[in-house]
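Peer 1: Before I ask anything, let me first share the structure, which is written out below as structure tokens.
The values are calculated or read from the model by the stated rules, or taken from the named source; none is laboratory data. None of the values given here were measured: they were computed from a predicted structure. Neighbour counts are summed over all protein chains in view; Cβ atoms, including those assigned to glycine, are modelled from backbone coordinates with ideal geometry.
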Amino acid sequence: MTSCDGRIHFTGARKGEIRGFVWEGYDGYAIEIKQSVWRSQVGEPKREKSKGTIPVIAQLKLFLERHRILSGNPLQGFIFRNPLGNPFNLDVLAREVIRPALEAEEIPWYGWHAFRRGLATNLHRLGVSDKVIQQILRHANVTTTINIYVKMVTRDAEEAMKRLESKCSLVVPQTVPQLGVRLTRIGSNNGGHECA
């Protein structure tokens, strides 16, 4: 089920939307979000704004084409389905395959939704605009995208401060110039402070 893992990372889709992916909604260039699957119920996506199209990058296309071949080249039906043709249970995949593999490497599992947050964070770090990230994740509000999904990485903060330092060094001298002004003590009226 390698394609399932790769697809999740590159789409930023919700777990129920992933389960609802159908071959009829995939053209090699985009995946259309038309439905969502919760437990065994097929229904509408979370919100009207959640319906949409997700662009397919080359790595995702390769994963999906490989998965299609291994699945017998279907033209319709669920992309990720069990032997009965029903939507694949991603919780079973996580419990039986993903979590044991991660635990063996002492890597924590943060759940399926972490893929959406990871995509938002990575796109943000690449300089993609907040509105574009909102569109890819299909959020109703850009504030949700930025405040909840984009995670700050310590390295980002360090790099931001280094960029600020670099910009400031163009304007602010790095050493204190000696102006030849001597300090004088001002009388006792002001508490003996020194002034230039």
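Peer 1: If you go through segment 61-84 one residue at a time, do you hit one that is without any contact (Cβ under 8 Å) to a residue 60 or more places away in the chain, closer than 21 Å to Tyr149 by Cβ and in contact with a helix residue (DSSP H, G or I) (Cβ under 8 Å, 6 or more places away or on another chain)?
Peer 2: no
Peer 1: Having 3 or more residues that are in contact with a Ser or Thr (Cβ under 8 Å, 6 or more places away or on another chain) and modelled with pLDDT of 90 or more is the bar; report the helices (runs of 4 or more DSSP H) wholly within segment 46-106 that clear it.
Peer 2: 58-70
Peer 1: Consider only pairs whose beta carbons are under 6 Å apart and that are at least six residues apart or on different chains; among these, list those whose first residue lies in segment 36-50 and is of a type outside the set (Lys, Arg) and whose second residue is in a loop (DSSP other than H, G, I, E, B).
Peer 2: Ser36/Pro45; Val42/Gln35; Pro45/Lys51; Ser50/Arg138
Peer 1: Could you say whether any residue in segment 18-28 is under 18 Å from the mean Cα position of the chain (by Cα), farther than 18 Å from Val132 by Cβ and modelled with pLDDT of 90 or more?
Peer 2: The answer is yes, given that some residue of segment 18-28 is under 18 Å from the mean Cα position of the chain (by Cα), farther than 18 Å from Val132 by Cβ and modelled with pLDDT of 90 or more.
Peer 1: Restricting attention to segment 2-17, and to residues there that are part of a loop (DSSP other than H, G, I, E, B) and closer than 16 Å to Phe63 by Cα, which single residue is modelled with the lowest pLDDT?
Peer 2: Top of the filtered list is Gly12.
Quick grid of which residues meet (1) modelled with pLDDT of 90 or more; (2) assigned by TED's automatic domain parsing to the domain that holds Pro55; (3) assigned to a helix (DSSP H, G or I); (4) surrounded by 11 or more Cβ atoms within 10 Å (Cβ to Cβ):
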residue: Ala120; (1), (2), (3), (4): yes, no, yes, yes
residue: Leu123; (1), (2), (3), (4): yes, no, yes, yes
residue: Val128; (1), (2), (3), (4): yes, no, no, yes
residue: Gln134; (1), (2), (3), (4): yes, no, yes, yes
residue: Asn147; (1), (2), (3), (4): no, no, yes, no
residue: Arg163; (1), (2), (3), (4): no, no, yes, no
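Peer 1: What pairs come out if I take residues in segment 96-124 that are on the phi > 0 side of the Ramachandran plot and pair them with residues that are surrounded by 14 or more Cβ atoms within 10 Å (Cβ to Cβ) and assigned to a helix (DSSP H, G or I) whose C-beta lies under 8 Å away, six or more apart or interchain?
Peer 2: These pairs meet every condition: Gly111/Ala94.
Peer 1: Out of the residues in segment 68-92 that are closer than 16 Å to Glu17 by Cα and of a type in the set (A, V, I, L, M), which is surrounded by the most Cβ atoms within 10 Å (Cβ to Cβ)?
Peer 2: Ile79
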